[in-house]
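Input: a single structure, listed below in structure tokens.
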Amino acid sequence: MQRIKNVLNVHFVDRKGTFLVPIYILAAMVAIVIAIGIIARVAGANEADLYEGMKWNGAVWALLGMGFGIGAMTMTQYLSFALGLGITRREWLAGSSVMFVLIAAGTAVTVMVLKLIEQATTGFGLSVRLFDTVHTGPASWWQTLLQVFLMVLAAMTLTATVSGIWNRWGKTGLMWLAAIAIAIGVVAFGIGILIPAEQVMGVFSWFGGLAWISWMGLLAGVVLIGAAAFWLLGSKAEVR
């Protein structure tokens, strides 16, 4: 447990970047959305239409930038520092995994609380939306907690995996990763051209008709794949 605490101390040594930057991002997002609401009210916009339309507002995705940054720094900046302090790779991976969960949980709770406030005040009294959107899950508070938690966790584990590929194989690894992604895209595009359009639309309709819990299952699968790859690569990553 003490070694896990040491790993967390390494991650949180830059407290400004870990805690204050996300707060600044949140404050900027809220300020921008409130400004939009004030401008819309002054312009005489239909507030009911504004409130309905802003359920698609994707500004909350900016919070994933924090997850991407933390995931990248885990493998590119802090790994060598931790190993220099005598922390083993297994301890580093375990402590980093705990840190990922803590950050994702903290973000989920913050978004959930702000979403409840936004709902209770009908968009901060201005009929705007930032947290009460389709991107943060249905109306239930526990669904918001789970969806945001999985989204942030997926962002961190996948970015840590990509950074691990960079550490292990450098530019060559990233080029192969890009080539695989492009190949998959080309194959999917080719299949989409060859099969009838109604079947393509049927596939999209099937995905669109999936229940919320099914989407969460898919997202959880992404997290598990990212976590497994992170542990595998982290145990062999070069120290740069």
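Listing for the model above:
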quantity: Share of carbon and sulfur in the accessible heavy-atom surface of the chain [1.4 Å probe, %]; calculated: 74 percent
quantity: Gyration tensor (alpha-carbon) shape descriptor, the stretch 1-99, a/c threshold 1.5; calculated: prolate
quantity: Percentage relative contact order, the chain, counting C-alpha pairs under 8 Å, at least six apart; calculated: 27 percent
quantity: Prolate/oblate/rounded call for the stretch 32-179, Cα gyration tensor, a/c under 1.5 rounded; calculated: prolate
quantity: Acute angle (nearest 10 degrees) that the helix 64-76 long axis makes with the longest principal axis of the chain, alpha-carbon atoms; calculated: 0 degrees
quantity: Number of Lys pairs (Cα under 28 Å; 8 or more positions apart or on different chains) in the chain; calculated: 5
quantity: Per residue, in Å², the accessible surface of the chain once ligands and nucleic acids are set aside, probe 1.4 Å; calculated: 54 Å²
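The values are calculated or read from the model by the stated rules, or taken from the named source; none is laboratory data. Remember, predicted model here, so these are calculated numbers, not experimental data. Surface accessibility is based on the protein's heavy atoms, side chains included, excluding ligands, DNA and RNA. Shrake-Rupley method; radii C 1.70, N 1.55, O 1.52, S 1.80 Å.
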